[in-house]
1. Among the residues of segment A:179-191, how many are part of a helix (DSSP H, G or I), out of contact with any Asp or Glu (no Cβ under 9 Å at 6 or more places or on another chain) and either under 17 Å from A:K265 (Cα atoms) or among the small types (G, A, S) (or both)?
2. Of the numbered conditions (1) surrounded by fewer than 17 Cβ atoms within 10 Å (Cβ to Cβ); (2) of a type outside the set (D, E, K, R); (3) over 22 Å from A:L153 (Cα atoms), A:A285 fails exactly one; give the number of that condition.
3. In segment B:343-392, what residues are of a type in the set (F, W, Y) and closer than 17 Å to B:D315 by Cβ?
4. Show me the helices (runs of 4 or more DSSP H) found entirely inside segment A:337-410 where at least 3 residues are more than 11 Å from every other protein chain (Cβ to nearest Cβ), out of contact with any Cys (no Cβ under 8 Å at 6 or more places or on another chain) and in contact (Cβ under 8 Å) with a residue 24 or more places away in the chain.
5. Given the criterion aliphatic (A, V, I, L, M) and in a helix (DSSP H, G or I), identify the matching residue among A:V169, A:V215.
6. Condition first: in a strand (DSSP E or B) and either over 11 Å from A:V169 (Cβ atoms) or of a type in the set (D, E) (or both). Now tell me which residues in segment A:312-336 satisfy that.
7. Anything in segment A:251-261 that is at pLDDT 80 or above and of a type in the set (G, A, S)? List them, or say none.
8. Of these, A:S332, A:S324, which one is over 22 Å from A:E46 (Cβ atoms), among the polar types (S, T, N, Q) and at pLDDT 85 or above?
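The values are calculated or read from the model by the stated rules, or taken from the named source; none is laboratory data. Treat the numbers as computed from the prediction; the structure is a model and nothing was measured. All Cβ positions, even for glycine, are placed from backbone atoms using ideal geometry, and neighbour counts span all protein chains on display.
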Protein chains: 2
Amino acid sequence: MAKSNKAARPSPRLPKGLRDIEAAELRAQSSMIDKIRAVYERYGFEPLETPAFEYTDALGKFLPDQDRPNEGVFSLQDDDEQWLSLRYDLTAPLARYVAQNFQTLPKPFRRYAVGSVWRNEKPGPGRFRQFLQCDADTVGADSVAADAEMCMLAADTLEALGLKDGAVVKINSRKVLDGVLESIGIDPAADSDAKKRLVALRAIDKLDRLGPEGVSLLLGKGRKDESGDFTEGAGLAPQAIDKVLKFVTSGSGDDSLRAVESVIKDSAIGREGVTELIEIERLVAAAGYERNRIGFDPSIVRGLEYYTGPVFEVDLTLPIKSESGEPVRMGSVGSGGRYDDLVARFTGQKVPATGFSIGVSRLQAALHALGQVDKSAAGPVIVTVMEKERIADYQKMVQTLRAADIRAELYLGNPKKFGKQLEYADKRGSPCVVIQGSDEREKGEVTLKDLIEGAKAAKEIEGHEAWKEARPAQVSVKETDLVKEVKKILARHGL
Amino acid sequence: MAKSNKAARPSPRLPKGLRDIEAAELRAQSSMIDKIRAVYERYGFEPLETPAFEYTDALGKFLPDQDRPNEGVFSLQDDDEQWLSLRYDLTAPLARYVAQNFQTLPKPFRRYAVGSVWRNEKPGPGRFRQFLQCDADTVGADSVAADAEMCMLAADTLEALGLKDGAVVKINSRKVLDGVLESIGIDPAADSDAKKRLVALRAIDKLDRLGPEGVSLLLGKGRKDESGDFTEGAGLAPQAIDKVLKFVTSGSGDDSLRAVESVIKDSAIGREGVTELIEIERLVAAAGYERNRIGFDPSIVRGLEYYTGPVFEVDLTLPIKSESGEPVRMGSVGSGGRYDDLVARFTGQKVPATGFSIGVSRLQAALHALGQVDKSAAGPVIVTVMEKERIADYQKMVQTLRAADIRAELYLGNPKKFGKQLEYADKRGSPCVVIQGSDEREKGEVTLKDLIEGAKAAKEIEGHEAWKEARPAQVSVKETDLVKEVKKILARHGL
């Protein structure tokens, strides 16, 4: 038996960066996930669940922020000394799964996954170390039709969540970006230029946050931020920086993709990238998606090192305000792209793949700020305890209500003070309480108290005496009519 | 970019004791969880999600098998050197949550949780290191009505899963067991007898597996198992062993609970336990549960050290056979009980609590063996690619089908060999493929191939020529009727 030794008592606290998710938020989350899942299913993806952790070497290191000192994953050692890591995304475990089961899988292999991922990063406001992702991936398809489909999937998912006109899927291509870099003398295939390329891509990725001036510094000598921290730059010459900036700020107008062609015309990989993006634009247009839902944007980079072709992200276009009314920058709520080398890590064989991932928590925060969340469920009907020795009778009423599919429970606290029971019902958001004291019992009746109606009436009636007189929103009904009468009250409030 | 270096290639493998869950099993699991969740909601429990790991000291050590050398949890160190552990059940995190939020919670606090838990134990057949639990708990209610409700919840959950007549909730009480031990001289409150008590309880817990002889050895001098491993016994005298055995094998007949009273009549705690069990029996009987669904069983112990009052477990009564036809012992598929000291670990304040937990994976295995699982979802309609340059047209057909809420996808592999496309459709369990070559295109038609009907016909038609002649289960329809005609085929197969 657990003994409570005062000296050794642990403090009840959450590890930093982790959180509990309570009923209202959890219900809204479930409802979101159901909608996302329905779209993924409609697209023909099959669900797959991989475990929370993997061998560290099998996961690899493909975290978005590889410039952090910490590797960003939570790792532990098994009893046979092998290192395990909690998954930091759902793509790395997918690559392991595909490599392991390659022979038997249908090809292309299309799967979706809903699951928590963990990052050992510095937590911040709205930035947690465990969060939920919903991913869809097509593995074994090199056609850009697969990338185009991912963009449509993203657009349809947003529509299912009520954001058809409130979000946009922005596409770019790693190949186009490499073409731009090649045009200023960075060879995307040369190991010697790899670091410079990465620093430049990361710099471009920050356009949204730092503006052209900030990006310009990061492409050049480096940048000191407000806190005084210095980030080393890519060391590009001013002319090269201009060329890159001109490209990434060229906007997403109707003809911008054609305009890009002139910048990268001398780069084979750049031309390939543009051709692919034009094909994607053609496919999504033919399928009826307007440019305000899916369109080219030269500033999109995406942090993950493993992308090899088209990349895209989902940005909200609706203005979002914090609870204090300040405008909030949400960042992207989803992203994806083509990664052709992830399975090859295991097998040596190149397996083309493309995928899309939704950041559920961030999107939920946005939907919440927009007031677009489902109402939380109504609380249960509470059957109160008036005569303690008659608990069996009250419990039976509860079971009768439940059998009629009505959410109900017996008050299980100490029943001595009736006021406590009503307080409890209030706190639970109960629409109605059931009361049977000796008076009602003798008449074969129960009293039903409509708490929602009662709360309204309470605002109108002044004084305790007048209240007692009126007994608002309270009816006595035959006990045999319990289910029928409770249903009436629930129906009155649309429950 | 990820370079695949042959020398450094990791092997794609799962850590031991972990597994991937694929589509069919995952769908069956979702359907199960939806049903369980609906019952928990109907009972008025609110959902709560706590994170996957906690501070190790906050979790405590309440694992069922504390006699194992390994502590049974997966632990890791945060960057500030604090120890974290993956949760091994959902109750320990609940205790932390309640202690942390005690002031603001409604009391009693009723929550349910669905989540993975991790155990660092030796894996075995059907015994994994990550598995799913569905728990409901009522915290802050000392009334046995709360325990009785848990038993009803268990019975209703089994009914919702189609096992109304295939499972039984067996109840006992730690207090009754302590009463029996007290009657043979083991003081349940004395620290000096704590170890002996635990060894005796664990011995009784094995009745089901080892029979009376095995338990008798474990209560006495100890037992050597088949592999030669010796387990030390409780060292009780033969007379004491007889008394315990007589109790635990006294069966669960109508009057067995009254019979027990005579055994433990000299133990205050034992009498208290019997009184509580009688009250539980009265409550569940009043609510209409027959004894074959919820009933007393003196052999129930439950391994968890933290139980303090009524304990119960859910056992399947239907005979279960393995795929080779052998009878299988499933063990319990759910369990619960009263634990009054878990929150006190943090606060020093005793908070009475009672709960129920379903082992989802084990129950699912049982339902699977009983053939009581939902059919897996139908595969998507596959739109094939006949003319490669017309991908946009095909993709548009797919989007048209999806807009009509039909699961559909474009074949995204290499379309050169048409046979590969049909093979893919087969492998995906597709009910129907859509074909439009130049012939159909010129006539504004599409060909629909009913794969389910086709598979049936294939068994009846002999020879390739006859097959080509008959073109079974294949129709050409106007392209504008695509949705209508596909729906006809789906309807034909009840999809």
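1. Step one: list which residues in segment A:179-191 are part of a helix (DSSP H, G or I), which gives A:179-183, A:191.
When the remaining residues are screened for being out of contact with any Asp or Glu (no Cβ under 9 Å at 6 or more places or on another chain), the result is A:180, A:191.
If we keep only those that are either under 17 Å from A:K265 (Cα atoms) or among the small types (G, A, S) (or both) as well, we get A:180.
Number of matching residues: 1.
2. Checking A:A285 against (1) surrounded by fewer than 17 Cβ atoms within 10 Å (Cβ to Cβ); (2) of a type outside the set (D, E, K, R); (3) over 22 Å from A:L153 (Cα atoms), the one that fails is (3).
3. Matches in segment B:343-392: B:F356 only.
4. On the way: elements: A:344-347, A:360-369, A:391-403.
Filter on segment A:337-410 gives A:360-369.
5. On the way: A:V169 fails: in a helix (DSSP H, G or I).
Testing whether each residue is aliphatic (A, V, I, L, M) and in a helix (DSSP H, G or I) leaves just A:V215.
6. A:E313, A:D315, A:L316, A:I320, A:K321, A:P327, A:V328, listed by residue number.
7. Once the filter is applied, which keeps residues that are at pLDDT 80 or above and of a type in the set (G, A, S), segment A:251-261 yields nothing.
8. A:S332
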